[in-house]
Amino acid sequence: MRIETFRIHRLSIPLVRPFRTSFGTEHVRDVILVEAVDADGTSGWGECVTMSWPGYSYEYGDTAIDVMTHHLLPALAPVADSDDPHEVRAAMEVVAGHPMAKCAMSTAMLDVWLRGRGESLGEYLGAVRSEVDCGVSVGIPVTESIDALLDEVGSYVDQGYRRIKLKIQPGWDIAPVSAVRAAWPTIPLQTDANQAYQRSDARHLAELDQYDLLLHEQPLEQDDWYGHVLISRAVETPICMDESIHSLMSADSALEFGACSIINIKPGRVGGYLTAREIHDLSLERGAPVWAGGMLETGIGRAANVALAALPGFTLPGDTSASSRYYEVDVTEPFVLRDGTLPVPTHPGIGVDPIPEVLREMTVWSTELRLG
Ligand code: OSB
Ligand code: MG
């Protein structure tokens with residue numbers, strides 16, 4: 001492998017419906033795809049999962065492009081011909097933070113490397129399944145109507161999704177959870193607050209214990225480790241962390257301290273698929289379930305996430321929904337739900353490519369960066 005060029009493609013793709021969470025509402029996905037091009041012309045792909053504004057994390061599309069262009073590109077020049085993905089990860093350590101930018105560039109390089117070896121990402125990571133159970137993340141209806149929520153959840157249940165995740169926030173929690181539980185008494189159900197609660201809400205959150213939930217995701221601010229310990233003790237429903245987990249060390253600390261007992265693994269949030277696998281391995285060793293999170297990925301990021309979700313410790317359905325959950329037209333061949341599952345790609349690398357015409361049509365900006 002000798003990477004000579006990176007291309008950054010910025011796309012604008014309308015969502016099939018607005019996606020509202022406690023930190024904001026997205027109408028159009030600001031998609032950033034990174035293409036690494038080898039000396040022999042092979043392209044590899046990685047999706048940068050930043051959003052268009054710093055609501056979920058400090059990273060967003062513009063900062064990711066800046067960090068990739070001015071900081072990661074020079075850092076990667078010495079490892080452009082590396083035969084060890086761990087060396088690529090180590091080379092990026094000169095940049096503090098910015099895990100989503102790191103994940104995008106290193107995944108594109110990993111894809112090229114795997115294509116050269118004829119090995120799929122799933123095989124490389126240690127997949128033990130050929131399809132993965134899929135859940136779906138359901139936003140807060142812009143109308144805040146319970147009927148609208150039940151309609152939307154009903155359509156996902158009809159499509160076969162095996163788990164429902166409801167976005168919650170103060171003022172939108174007990175009513176939606178109890179309504180969905182009443183309508184579907186046995187469907188696996190969980191919540192995600194995206195940091196919207198306070199330590200003092202512990203008793204309020206305990207009222208949700210009666211609805212037989214799988215977990216509550218990230219109730220408190222990402223830095224509030226002790227608060228998560230307190231909530232974990234006060235609430236019967238298991239606590240899961242998303243925003244707090246940025247590294248193997250934060251995963252280790254969270255489980256050791258009892259801040260959570262379940263981890264949502266998002267490769268973009270932890271800097272790439274190698275670290276994602278290490279967090280999986282650690283959690284498996286500790287007996288803590290993990291599941292694959294999502295960031296409204298196109299087929300590029302989705303393919304890689306599905307490969308990750310095929311590892312043995314991913315015992316809970318992930319936010320690995322079908323292309324149609326967010327997009328009318330995906331940039332790859334669409335991922336289609338089959339009996340509540342998605343197939344793990346088997347072709348070398350991430351196993352999918354953008355469809356050239358779709359890429360061209362949806363691209364609003366692109367640049368080419370020469371390495372070295
Ligand atoms: O908190 O898990 C989250 C989407 C964007 C940012 C943060 C989150 C989410 C989701 C949707 O919940 C996950 C998906 O379906 O891709
Ligand atoms: Mg989350």
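The values are calculated or read from the model by the stated rules, or taken from the named source; none is laboratory data. All figures in this text were calculated on a predicted structure; none of them were measured in a lab. FYI the Cβ positions are ideal-geometry reconstructions off the backbone, even for glycines, and counts take in every protein chain you see. Only protein heavy atoms, including side chains, enter the accessible area calculation; ligands, DNA and RNA are left aside. Shrake-Rupley method; radii C 1.70, N 1.55, O 1.52, S 1.80 Å.
Inverting the pair-averaged 1/r between distinct Cα atoms of segment 55-213 gives 19.3 Å as its Kirkwood hydrodynamic radius. In segment 123-343, the DSSP beta bridges split such that about 20 percent are antiparallel, to the nearest 5.
Ordered from largest to smallest accessible area (heavy atoms of protein chains, 1.4 Å probe), the residues VAL177, VAL157, VAL94 come out as VAL94, VAL157, VAL177. When the alpha carbon gyration tensor of the chain is reduced to an equivalent ellipsoid, the three semi-axes, largest first, read 33, 22, 19 Å. Figure note: VAL358, VAL153 ranked by solvent-accessible area, largest first, 1.4 Å probe, ligands and nucleic acids not counted: VAL358, VAL153.
Take the Cα radius of gyration of segment 1-126 and divide it by 2.2 N^0.38 Å, N being the number of residues; the result is 1.11. By the Cα gyration tensor, segment 123-343 has an equivalent ellipsoid whose semi-axes, rounded to whole angstrom, run 25, 24, 14 from largest to smallest. Local charge for GLY122 was computed over the other residues whose Cβ lies under 12 Å away, with Lys and Arg +1 and Asp and Glu -1, and equals -1.
Largest mean-square fluctuation among ALA206, ALA96, ALA179, in a Gaussian network model of the chain whose springs join Cα atoms under 10 Å apart, belongs to ALA96. If you sort GLU221, GLU119, GLU144, GLU93 by accessible surface, 1.4 Å probe, largest first, the order is GLU93, GLU221, GLU144, GLU119. Computed 3J(HN,Hα) for segment 81-92, one whole-Hz value per residue from the Karplus formula 6.51 cos²θ - 1.76 cosθ + 1.60 where θ = phi - 60°, is 10, 5, 9, 9, x, 5, 5, 5, 4, 4, 5, 7, glycine and proline marked x.
Summary of the geometry: segment 68-111 and segment 153-219, compared by the centres of their Cα atoms, lie 37 Å apart.
For segment 313-372, the spherically averaged projection of the C-alpha convex hull amounts to 7.0 nm². If you bin all the Cα-Cα distances of segment 252-372 at 5 Å, starting from zero, the percentages per bin are 2, 10, 19, 20, 18, 13, 9, 6, 3, 0. Calculated mean residue ellipticity, 222 nm, the chain: -9500 deg cm²/dmol, from DSSP H runs (n ≥ 4) at -39500 (n - 2.57) each, averaged per residue and rounded to 500. A Förster radius of 45 Å, combined with the Cβ-Cβ distance separating SER200 from ARG17, puts the computed FRET efficiency at roughly 0.85. Using θ = phi - 60° in the Karplus curve 6.51 cos²θ - 1.76 cosθ + 1.60, the 3J(HN,Hα) couplings for segment 164-181 round to 10, 10, 9, 6, 10, 6, x, x, 9, 9, 4, 4, x, 5, 5, 5, 5, 5 Hz; x is entered for Gly and Pro.
Neighbours of GLU361 by Cβ distance under 15 Å: Lys/Arg scored +1, Asp/Glu scored -1, total 0.
Under a Gaussian network description of the chain, with springs only between Cα atoms under 10 Å, the residue in ALA90, ALA276, ALA202 that fluctuates furthest is ALA90. What's the local net charge at ILE140, with K and R +1, D and E -1, over the other residues with C-beta under 13 Å away? Cβ neighbours under 13 Å give a net charge of -1.
Multiplying the residue separation of ASP147 and VAL364 by 0.36 nm and subtracting their alpha-carbon distance yields 74.5 nm.
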